[in-house]
1. I'm trying to understand the selection: among the residues of region 33-55, which are touching a residue at least 60 places away in the same chain (Cβ under 8 Å) and charged (D, E, K, R)?
2. Looking at region 190-223 only, could you name the residues that are modelled with pLDDT of 75 or more and touching an Asp or Glu at 6+ places or on another chain (Cβ under 9 Å)?
3. Would you check if there is a residue in region 146-157 being farther than 26 Å from Val98 by Cβ and modelled with pLDDT of 90 or more?
4. Filter region 79-126 for residues that are buried (at least 17 other Cβ atoms within 10 Å of the Cβ) and without any contact (Cβ under 8 Å) to a residue 24 or more places away in the chain; which is nearest to Ser57 (Cα to Cα)?
5. For region 25-36, how many residues meet the condition of being at pLDDT 50 or above and either under 18 Å from the mean Cα position of the chain (by Cα) or not aliphatic (A, V, I, L, M) (or both)?
6. Among the listed residues Thr56, Thr94, Thr39, which satisfies the condition of being among the hydroxyl-bearing types (Ser, Thr, Tyr), assigned to a helix (DSSP H, G or I) and at pLDDT below 90?
Amino acid sequence: MKKVLIIIGVLIVIAGGVGYYFFSNLDSLIKQAVEKYGTEITKADVTLNKVELSLTSGEGALHGLTVGNPAGYKTDSAFRLGTVSVKVDTATVTADPVVIKEIVVDGPEVTYELGGDAGSNVQQLQKNVNDYVGPGGESKDSGGGPKLIIEHLYVRNGKVNVASTALAGKKLGAGLPEIHLTDIGKDKQGATPGEVAEKVMASLSQGIGKAVSGLGLDKLKGAVTEGIGKAQETLKEGAGGVTKSLQEGTGGATGGIKEGVGDAGKKLKKLFD
């Protein structure tokens, strides 16, 4: 059970976990499991508003799935998914592997926050998932549970918003390229949730990378850095001018004092002559 829910922690493959739980038809159980194990796997708060499932049709949907940020990042969330719909081959829900005919993630919103040791919040989430899954795609809780075959997985109509203090308040956004993965796990009679997670996260990160690279962040960062440099140079010049003026003012005052002392000395000398 836990093993399948590793998929949930990797955001999009969460729908695969829905397939595993179809035979229970307990929406509240799925919601609790998504939030608990998703948070554990990603090391970020995972919340889900609503689950709708049907055992007879093999179709289901998740609504209001949000993945927060790992420690050290300030934006509200990393991922806000629109509607995640799933179609499962009902003949396989008690078999191994479970066949998920289609997963569609429609309208996800990604907040790509620059910073941190990993470089961004998305990269940190990917690192957290990889650390949890471990070498070879085996999770820390690699107990029982069926493998998965996902025939089609789509991510559509997504958007990436960039957040960074280096942007000086400027807002940048770009469309997330559509992702379509096919026959995940089919070549080996099913993939473990860890294997599915790694494949989906790699594709998702690649798509986000393409969206972000088209925004010219490097040039913008350079402009911001250059602006800061010019501001510092101006401050230095201003400070130099002030120092010079003070020095000149001090010199003039010193000269005036010397002249005054000299005149007083001459007058005193005349009194004693």
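The values are calculated or read from the model by the stated rules, or taken from the named source; none is laboratory data. This one's a predicted model, so the numbers in the text were calculated from it and none came from an experiment. Every residue, glycine as well, gets a Cβ built from its backbone with ideal geometry; the counts of neighbours run over all protein chains shown.
1. Looking only at region 33-55, we keep the residues that are touching a residue at least 60 places away in the same chain (Cβ under 8 Å), and these are 40-44.
Correct list: Glu40, Lys43.
2. Here is the first cut: in region 190-223, the ones modelled with pLDDT of 75 or more are 190-191, 196, 199-215.
Within region 190-223, Gly190, Gly207 qualify.
3. yes
4. Filtering first and then ranking leaves Thr92.
5. 6
6. Numbers: Thr56 fails: assigned to a helix (DSSP H, G or I); Thr94 fails: assigned to a helix (DSSP H, G or I).
Just one listed residue meets the conditions, Thr39.
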